[in-house]
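Below: the structure, in structure tokens.
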Number of protein chains: 2
Amino acid sequence: MTDRSKVIPSRDFRWQGIDVRRYKEQDGDGTSTEPAGFLGVIRQTLLGQEHEELGLELRYFEVEAAGYSSLEKHRHPHTVVIVRGDGHVILGQEIQPVAAFDCVYVAPWTMHQFRAGRDEPLGFLCVVDRDRDRPQPATAEERRAIEESEEFRRVFGGGS
Amino acid sequence: MTDRSKVIPSRDFRWQGIDVRRYKEQDGDGTSTEPAGFLGVIRQTLLGQEHEELGLELRYFEVEAAGYSSLEKHRHPHTVVIVRGDGHVILGQEIQPVAAFDCVYVAPWTMHQFRAGRDEPLGFLCVVDRDRDRPQPATAEERRAIEESEEFRRVFGGGS
């Protein structure tokens, strides 16, 4: 393909030649995991790692039905488009329903978490800066403040 | 919403509060168009223009059935995911079929064009750097070299 331009064909939300990794597993490592609380999340890094001129990475995350990503925050923003299923996103004090093709902007330092609905996986594309800070998992206190909020109980009916 | 984080709800590939613009119309201008050849393309800028910390823009383009985007090249790369319909992408000398959720990387200076299939719109997300060079439309000679190629005739059966 000219100048390293390329098409990465997909089928059922898996991309040709792209490894399916566990959520917090390091690319090219395969051993490192983090202690942050999450359930049933896989990741595919579609673009970026091999394209230095790009300045960003495009990843696909899939949260299994009733699963959730890590509750965390960081300086780098997230640009997200839901492409499969539905669920909710926690953004700081707020909880919003999301479904395919809603767009989500996670601003710097917003505590956030993606939670799949009960019936099908929640899949989303997520663009981040190539060079970025490490996520900071919610402290026990931060997690409790969210999970014991009226908003959380109203939407999810209890703790995770 | 906390720290300007937000959800932009979607319905039928239109996003709440986001203007639907003609392809080459300037945001906030509404009058400027370019002479490049294209047919039946609209654009929605979902994220980026109001988020200086983001460094990128996320746009959605939709090419109507049998339409095509401008045949052009530029220094900035394109990170693309097809989300609706099918069609072809021209990448330099090659023509590749694309369908929802294929991923396309357009490397710097690759001449490229997105062409929808005959039956339904081709919709795709496209991430670009916030600061980027202007596209350079194909010259008549460059266009002819592609449209008279065996590859082009094999796929499309003639000129555009």
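Below, the figures for the structure above:
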| item | result |
| --- | --- |
| Teacher prompt: B:Gly55 distances to equivalent labels in other copies, 7 Å Cα→Cβ, nm | 0.7 |
| Threshold 40 Å² - residues in region A:90-118 whose accessible area is reduced by that much or more when the chain is no longer isolated, probe 1.4 Å | A:Leu91, A:Glu94, A:Phe101, A:Asp102, A:Cys103, A:Tyr105 |
| FRET efficiency for B:Arg4 and B:Ala140, using Cβ-Cβ distance with R0 set to 56 Å, rounded to 0.05 | 0.75 |
| Nm distances between copies for A:Val20, ranked from closest, using label points 7 Å along Cα→Cβ | 3.6 |
| Where A:Glu151, B:Glu148, B:Glu52 fall by accessible area, highest first, once all protein chains stay in place (1.4 Å) | B:Glu52, B:Glu148, A:Glu151 |
| Relative pair counts by distance (%), Cα atoms of the protein assembly as shown, 10 Å bins | 6, 26, 34, 21, 10, 3, 0 |
| Charge dipole (debye, nearest 20) of the protein assembly as shown; +1 at Cβ of Lys and Arg, -1 at Cβ of Asp and Glu | 340 |
| Hits among lysines - C-alpha to C-alpha of A:Lys6 under 21 Å, sequence gap 8 or more where chains match | B:Lys73 |
| Accessible area of the protein assembly as shown divided out per residue, in Å², using a probe of 1.4 angstrom | 46 |
| Position B:Thr139, label points 7 Å along Cα→Cβ, spacing to each other copy in nm (shortest first, one decimal) | 6.4 |
| Difference of contour (0.36 nm per residue) and Cα-Cα distance, B:Arg75 to B:Glu147 | 23.7 nm |
| Signed unit charges on C-beta, dipole axis of the protein assembly as shown, positive-most listed residue B:Met111, A:Cys103, B:Val83 | B:Val83 |
| Convex hull volume of region B:40-160 per residue (C-alpha atoms, cubic angstrom) | 94 |
| With at most 15 other Cβ atoms within 10 Å, longest stretch of chain B clear of loop trypsin sites (Lys or Arg not before Pro) (DSSP) | B:1-74 |
| Summed side-chain charge close to A:Asp119 - residues other than A:Asp119 whose Cβ falls under 15 Å, Lys, Arg +1, Asp, Glu -1 | -1 |
| Cβ charges +1 (Lys, Arg) and -1 (Asp, Glu), total dipole of region A:9-160, debye | 220 |
| Structure-based [θ]222 nm, the protein assembly as shown - -39500 (n - 2.57) summed over DSSP H runs of at least 4, per residue, nearest 500 | -2500 deg cm²/dmol |
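The values are calculated or read from the model by the stated rules, or taken from the named source; none is laboratory data. No experiment lies behind these values; they were computed from the predicted model shown. Neighbour counts are summed over all protein chains in view; Cβ atoms, including those assigned to glycine, are modelled from backbone coordinates with ideal geometry. Ligands, DNA and RNA are excluded from the accessible area calculation, which covers all protein heavy atoms including side chains. Shrake-Rupley method; radii C 1.70, N 1.55, O 1.52, S 1.80 Å.
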